[in-house]
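The numbers here are math on the coordinates, done by the rules we state, and not lab data. Fair warning: this is a prediction, and the values are worked out from it, not measured in the lab. Glycine also receives a Cβ, built like all others from the backbone with ideal geometry; neighbour counts cover every protein chain displayed.
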Amino acid sequence: MNEPDTGFFEEIEHTADLALRCGGPDLASLFRSAARGMYHLMGVEAQELKADSQHRIRLEAEDVESLLVDWLGELAYLAEARGLIFEGMTFETLSATCLEAVLEGGAVPHIDTLIKAVTYHQLKVENSGEGLTATVVFDV
């Protein structure tokens, strides 16, 4: 499921933490947009990296919201623990409860803002006439 990037993300106001509204025409675009939006909030951009790392990820969850939290949590962990971010995201399997992906990216020299946790606060993946959207709040 390696598709053209047709999703979006935008930072939204939140009192204490950082929040992101993201979406796309399908689940893959939503998950890619959420990841890229989180990287943006962290102050890193894909243009800064040398793409020399590949990572496989497999996640299972009870529902799509939990899968999105687990996905972003895993990416935040890899960014903080190893300094890795990923621009290439190929989903081999992606459903509301299961994700298998091959990630391609590399190390970044600096992360401005570390994400402590991806929260469930106000999290709901919604299906509109234009596709899927979600608002994600990050504890920083």
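Overview of results
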{"quantity": "Normalised contact order of the chain, rounded percent, pairs of Cα under 8 Å and 6 or more residues apart", "calculated": "29 percent"}
{"quantity": "J(HN,Hα) series, the range 111-118, from Karplus relation 6.51 cos²θ - 1.76 cosθ + 1.60, nearest Hz, glycine and proline x", "calculated": "10, 6, 10, 8, 8, 6, 7, 9"}
{"quantity": "Under-5 Å amide H pairs with Ala117, H placed in peptide plane, nonlocal only", "calculated": "Asp139"}
{"quantity": "Calculated FRET value between Lys116 and Phe8, using beta carbons and R₀ = 25 Å, to 0.05", "calculated": "0.50"}
{"quantity": "GluC sites (Glu not before Pro) lying in DSSP loop within the range 51-118, provided at most 12 other Cβ fall within 10 Å", "calculated": "Glu62"}
{"quantity": "Loop-located trypsin sites (Lys or Arg not before Pro) in the range 23-98, at most 16 other Cβ atoms within 10 Å (DSSP)", "calculated": "Lys50"}
